[in-house]
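Asks: The structure follows.
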Number of protein chains: 2
Amino acid sequence: MLIKGPEDEILKKEQAFKIIRSTLDEKGREALYDLTGLAGGFPIKKEDKKLLETYIGPAVYEEKLQKLALEHLGGEKAIAFNRTTSGILATIIALTKPGDKIVHYLPESPSHPSIPESAKIRGAEYLEFDNIKEFHTPPRTSLIFITGATMDHKITEIEEFKKIISLSKKKKIPVMVDDASGARIRTIIYKQPKAIELGADLAITSTDKLMNGPRGGILTGKTRLVNKIKTIAYKFGLEAQPPLIAAMVRALEEFEPSKILKAIKIRDEVHKKLKKAFKGFQKTPTGVMIRPEEIKKEIRRHNLKTRLSPKDTSYLWAMLLLQEYGIITIPAAGMPGASPTLRLDFSAPDAQRLKPDQITKILEETFQKLLDT
Amino acid sequence: MLIKGPEDEILKKEQAFKIIRSTLDEKGREALYDLTGLAGGFPIKKEDKKLLETYIGPAVYEEKLQKLALEHLGGEKAIAFNRTTSGILATIIALTKPGDKIVHYLPESPSHPSIPESAKIRGAEYLEFDNIKEFHTPPRTSLIFITGATMDHKITEIEEFKKIISLSKKKKIPVMVDDASGARIRTIIYKQPKAIELGADLAITSTDKLMNGPRGGILTGKTRLVNKIKTIAYKFGLEAQPPLIAAMVRALEEFEPSKILKAIKIRDEVHKKLKKAFKGFQKTPTGVMIRPEEIKKEIRRHNLKTRLSPKDTSYLWAMLLLQEYGIITIPAAGMPGASPTLRLDFSAPDAQRLKPDQITKILEETFQKLLDT
């Protein structure tokens, strides 16, 4: 075993950082391909930086965000948050009281922790359903959440939305759709309407999920509710700061649904081509992955014995990808404790600069090098 | 009256925005002097933007921030927050329980709302003292706050710090110093030690107050406490995002205590020179100001009658400063409802490009124009 514990993982990570920084310095950003799918975008322009450093900057981007956010999500008014999670906290504080009930429907339990944890801080009771037949709102329910899509593309069906929203309207309980990735997965891949068009009062999305924005959230909906939430946001420091808002504005301006469809097309092509040389690659929502145990099996298929642990084979392959081709993945650059699965995400903007053939060839060549070491 | 209500204020503000944007486009950022004292700095460099858009960016700036934050504030570990307010919320959630008591000492009541409001959300009882003789900690006090300095430079004296901190150590209650502006006002202007050096367990400061960073907060202190606070920060989305952390890093790197002392020197010189031509200018902590009523009096002293309201005279003067010299102030560019007092803040980075003589001359010339209109 090469990597025995957290200390070795730190050394490995630092080695990766060194390669990335020297590549940046010597060859420029174009020589790197960040396929982690986890690099937040920060697409501000030179003129944005200038304007941001004046008193009026915030107001200018605030105004632009309003327009673009409502186009993207629908609704009457928008507010940008430091994170989708802080937007959910603000919503729960603004629209519920201690002792109230918060009901959450999602395609598959468990929920992202932000909803139950915020309910706990508020002193509200939290109920979760992932079976529409069981869904109901007990007395004193003051807020309903629907999760639009989970990160592995399980989505709430239109019929489920309609059932919950019509029930909520009858009982006059506001409905908030947590559409962190769903605002794009549901609408672009599954052709569903926007959450607001389905009758939701509020919707929130993450600007770093399936789009090239910074980590952060945008919430839109009914003016009366958004105003209440905004008051809470500023009271507790939960809102997005102007530089993030400027980056969100640029990300929304540059947003292209076709890029997501292209990512899925690349994934399918790459996966098909990889099948010829490998057995262990699986599809992810917008890319491909291979688990450490599968990498070890691939090596054995070439009648080679190795004393490397499955994890080590993944780390080594990831380091070869980085060193030879500037491809950044989590097994190379991840923090200690990060998943050792080798994942390539094609929804990352850098993936647009690689062709399916190239990707397959790079994986085959670096695997050959892995066999030779 | 020229400006009758919010609608007129919006038109006035939009006129100012137009001038600022066309100045930026035609003459560049150097032709503007933002003396509002409220423009957050965003001093990231070209290479920062490149690195930020890779997976490793956040880790690189996180590490740099640790080092610089501990140099600036002292302490064992640091965490950056979206706002000082969100840092206070995280601290209160992490270190107190519902039913506990939070005690706050400050040079002058009332407190910034962030502490009492966070206490309320937590379900903790809040007690406030601005008289050291009355200060005490009732049973079940689990957290003590001390405000280091108010924005108008009222500071907590060393003896008061010592009394509260020694009491807290006896009772084993953690002490957090809200040093939003105090981390610089107290140490640089009043030559006091850092809060941590005075024995505080935690200290937090605002990176946009008396330094050229973005709006945001940095908290440092005992590792054991910072770890607890960090867990809460990430759980609720209260932490600063990587682009803000990069800007904080640059602001700390470029931070020069001498600039603050220089701002005060400029203020004193400008104030002295202005006394020859005007009667109504007053000193602020790092600049000068004149109230609308005083502007109207100045006009009368020149034996001129005007039908303009005091507010209008301030708006007009501010617009002349912007149009003729690119000087941005709140009466020109502020949102509806902002204070109509004409303030010039010399701690703003743009002020470093103006000499006291220039400033006085500009004020005299634009006032002459105001008389001529």
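Asks: Working carefully through the options B:Ala233, B:Ala200, B:Ala180, find the one that is of a type in the set (Gly, Ala, Ser), part of a loop (DSSP other than H, G, I, E, B) and within 14 Å of chain A (Cβ to nearest Cβ). Step through it out loud before you land on a result.
Replies: Working: B:Ala233 fails: part of a loop (DSSP other than H, G, I, E, B); B:Ala200 fails: within 14 Å of chain A (Cβ to nearest Cβ).
Testing whether each residue is of a type in the set (Gly, Ala, Ser), part of a loop (DSSP other than H, G, I, E, B) and within 14 Å of chain A (Cβ to nearest Cβ) leaves just B:Ala180.
Asks: Within segment B:140-151, identify whether any single residue is more than 25 Å from the chain's Cα centre (by Cα), outside any strand (DSSP E or B) and either over 30 Å from B:Met211 (Cα atoms) or touching a residue at least 24 places away in the same chain (Cβ under 8 Å) (or both), and answer yes or no. Quick ask: steps written out before the conclusion?
Replies: Here is the first cut: in segment B:140-151, the residues more than 25 Å from the chain's Cα centre (by Cα) are B:140-142.
Now restrict to residues that are outside any strand (DSSP E or B): B:140.
Checking the rest, the ones that are also either over 30 Å from B:Met211 (Cα atoms) or touching a residue at least 24 places away in the same chain (Cβ under 8 Å) (or both) come to B:140.
For segment B:140-151, residues more than 25 Å from the chain's Cα centre (by Cα), outside any strand (DSSP E or B) and either over 30 Å from B:Met211 (Cα atoms) or touching a residue at least 24 places away in the same chain (Cβ under 8 Å) (or both): present.
Asks: A further question follows. Please go through segment B:1-36 and pick out each residue that is out of contact with any helix residue (DSSP H, G or I) (no Cβ under 9 Å at 6 or more places or on another chain) and in contact (Cβ under 8 Å) with a residue 12 or more places away in the chain.
Replies: Once the filter is applied, which keeps residues that are out of contact with any helix residue (DSSP H, G or I) (no Cβ under 9 Å at 6 or more places or on another chain) and in contact (Cβ under 8 Å) with a residue 12 or more places away in the chain, segment B:1-36 yields B:Pro6, B:Ile10, B:Lys27.
Asks: With out of contact with any Cys (no Cβ under 6 Å at 6 or more places or on another chain), of a type in the set (S, T, N, Q) and at pLDDT below 95 as the only criterion, which of A:Thr84, A:Thr150 stands out? Even if it seems obvious, please write down each step before you answer.
Replies: Numbers: A:Thr84 fails: at pLDDT below 95.
Testing whether each residue is out of contact with any Cys (no Cβ under 6 Å at 6 or more places or on another chain), of a type in the set (S, T, N, Q) and at pLDDT below 95 leaves just A:Thr150.
Asks: Quick check on segment A:267-274. Is at least one of its residues basic (Lys, Arg), assigned to a helix (DSSP H, G or I) and surrounded by 21 or more Cβ atoms within 10 Å (Cβ to Cβ)? So that I can check it myself, show each step before the final result.
Replies: Taking segment A:267-274 first, the residues basic (Lys, Arg) are A:267, A:272-273.
Right, trim to assigned to a helix (DSSP H, G or I) and you get A:267, A:272-273.
Imposing the further condition that a residue be surrounded by 21 or more Cβ atoms within 10 Å (Cβ to Cβ) reduces the set to A:267.
Yes.
Asks: Filtering segment B:337-373 down to residues that are outside any helix (DSSP H, G or I) and in contact with a Lys or Arg (Cβ under 7 Å, 6 or more places away or on another chain), which residue is surrounded by the fewest Cβ atoms within 10 Å (Cβ to Cβ)? So that I can check it myself, show each step before the final result.
Replies: So the first thing to find is which residues in segment B:337-373 are outside any helix (DSSP H, G or I), and the list is B:337-348, B:354-355, B:373.
Then drop every residue that is not in contact with a Lys or Arg (Cβ under 7 Å, 6 or more places away or on another chain), which leaves B:340-341, B:346.
On the way: B:Pro340: 22, B:Thr341: 19, B:Phe346: 27.
Filtering segment B:337-373 for residues that are outside any helix (DSSP H, G or I) and in contact with a Lys or Arg (Cβ under 7 Å, 6 or more places away or on another chain), the one surrounded by the fewest Cβ atoms within 10 Å (Cβ to Cβ) comes out as B:Thr341.
Asks: Applying the selection to segment B:168-186, what residues are of a type outside the set (Asp, Glu) and either within 14 Å of B:His104 (Cβ to Cβ) or crowded, with 24+ Cβ neighbours inside 10 Å (or both)?
Replies: Here is the first cut: in segment B:168-186, the residues of a type outside the set (Asp, Glu) are B:168-177, B:180-186.
Once the filter is applied, which keeps residues that are of a type outside the set (Asp, Glu) and either within 14 Å of B:His104 (Cβ to Cβ) or crowded, with 24+ Cβ neighbours inside 10 Å (or both), segment B:168-186 yields B:Ser168, B:Ile173, B:Pro174, B:Val175, B:Met176, B:Val177, B:Ala180, B:Ser181, B:Gly182, B:Ala183, B:Ile185, B:Arg186.
Asks: Okay, moving on. List pairs: first residue in segment A:106-123 and outside any helix (DSSP H, G or I), second residue among the basic types (Lys, Arg) anywhere in the structure, Cβ distance under 9 angstrom, at least six positions apart or on different chains.
Replies: Cβ pairs passing all conditions: A:Leu106/A:Lys154; A:Pro107/A:Lys154; A:Glu108/A:Lys154; A:Pro113/B:Lys235; A:Gly123/A:Lys97.
Asks: Out of A:Thr205, A:Thr223, which single residue is more than 11 Å from chain B (Cβ to nearest Cβ), surrounded by fewer than 21 Cβ atoms within 10 Å (Cβ to Cβ) and in contact with an Asp or Glu (Cβ under 7 Å, 6 or more places away or on another chain)?
Replies: Details: A:Thr205 fails: surrounded by fewer than 21 Cβ atoms within 10 Å (Cβ to Cβ).
Only one candidate passes the filter, namely A:Thr223.
Asks: If you don't mind, there's one more thing I want to ask. In segment A:281-304, is there at least one residue being in a helix (DSSP H, G or I) and within 17 Å of the chain's Cα centre (by Cα)? Steps first, answer last, please.
Replies: Step one: of segment A:281-304, the residues in a helix (DSSP H, G or I) are A:292-301.
Next, from what is left, pick out any that are within 17 Å of the chain's Cα centre (by Cα): none.
Looking through segment A:281-304, none of the residues is in a helix (DSSP H, G or I) and within 17 Å of the chain's Cα centre (by Cα).
Asks: From the list B:Asp372, B:Asp345, pick out the single residue that is in contact with a Ser or Thr (Cβ under 8 Å, 6 or more places away or on another chain) and either closer than 19 Å to B:Thr36 by Cβ or at pLDDT below 95 (or both). Reasoning before the result, please.
Replies: On the way: B:Asp372 fails: in contact with a Ser or Thr (Cβ under 8 Å, 6 or more places away or on another chain).
Of B:Asp372, B:Asp345, the one residue that is in contact with a Ser or Thr (Cβ under 8 Å, 6 or more places away or on another chain) and either closer than 19 Å to B:Thr36 by Cβ or at pLDDT below 95 (or both) is B:Asp345.
Asks: Picking from B:Ile264, B:Ile218, which residue would you name as being over 22 Å from A:Ile232 (Cα atoms) and either within 11 Å of another protein chain (Cβ to nearest Cβ) or under 20 Å from the mean Cα position of the chain (by Cα) (or both)? Show your work before the answer.
Replies: On the way: B:Ile218 fails: over 22 Å from A:Ile232 (Cα atoms).
From the options B:Ile264, B:Ile218, the qualifying one is B:Ile264.
A quick yes/no check of all residues on (1) modelled with pLDDT of 95 or more; (2) out of contact with any Lys or Arg (no Cβ under 8 Å at 6 or more places or on another chain); (3) at negative phi:
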site: B:Ile245; (1), (2), (3): yes, yes, yes
site: B:Ser258; (1), (2), (3): no, yes, yes
site: B:Lys262; (1), (2), (3): no, yes, yes
site: B:His271; (1), (2), (3): yes, no, yes
site: B:Thr284; (1), (2), (3): no, no, yes
site: B:Met289; (1), (2), (3): yes, no, yes
site: B:Pro292; (1), (2), (3): yes, no, yes
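Asks: Name the residue, out of A:Leu219, A:Leu252, that is hydrophobic (A, V, I, L, M, F, W, C) and part of a strand (DSSP E or B). Spell out the reasoning first.
Replies: Values: A:Leu252 fails: part of a strand (DSSP E or B).
Exactly one of A:Leu219, A:Leu252 is hydrophobic (A, V, I, L, M, F, W, C) and part of a strand (DSSP E or B), namely A:Leu219.
Asks: Which one of the conditions (1) more than 10 Å from every other protein chain (Cβ to nearest Cβ); (2) surrounded by fewer than 22 Cβ atoms within 10 Å (Cβ to Cβ); (3) at pLDDT 95 or above does B:Pro98 fail to meet, given that it meets all the rest?
Replies: (1)
Asks: Filtering segment A:253-263 down to residues that are out of contact with any helix residue (DSSP H, G or I) (no Cβ under 6 Å at 6 or more places or on another chain) and surrounded by 18 or more Cβ atoms within 10 Å (Cβ to Cβ), which residue is nearest to A:Lys311 (Cα to Cα)?
Replies: Kept after step one, since they are out of contact with any helix residue (DSSP H, G or I) (no Cβ under 6 Å at 6 or more places or on another chain), are these residues of segment A:253-263: A:253-256, A:258-259, A:261-263.
Retained after the next criterion (residues that are surrounded by 18 or more Cβ atoms within 10 Å (Cβ to Cβ)): A:255, A:259, A:263.
Working: A:Phe255: 36, A:Lys259: 32, A:Ala263: 27 Å.
Selected residue: A:Ala263.
Asks: Checking B:Ile121 against (1) buried (at least 18 other Cβ atoms within 10 Å of the Cβ); (2) within 14 Å of another protein chain (Cβ to nearest Cβ); (3) within 23 Å of B:Lys171 (Cβ to Cβ), which single condition isn't satisfied?
Replies: Evaluating B:Ile121 over (1) buried (at least 18 other Cβ atoms within 10 Å of the Cβ); (2) within 14 Å of another protein chain (Cβ to nearest Cβ); (3) within 23 Å of B:Lys171 (Cβ to Cβ) leaves (3) as the failure.
Asks: Evaluate segment B:104-112: report whether one residue or more is within 12 Å of chain A (Cβ to nearest Cβ) and at negative phi.
Replies: We begin by selecting, within segment B:104-112, every residue within 12 Å of chain A (Cβ to nearest Cβ); these are B:112.
Right, trim to at negative phi and you get B:112.
Yes - at least one qualifying residue is present in segment B:104-112.
The values are calculated or read from the model by the stated rules, or taken from the named source; none is laboratory data. Please read all numbers here as calculations on a predicted model, not as lab measurements. As a convention, Cβ positions derive from the backbone with ideal geometry for all residues, glycine included, and neighbour counts pool all protein chains shown.
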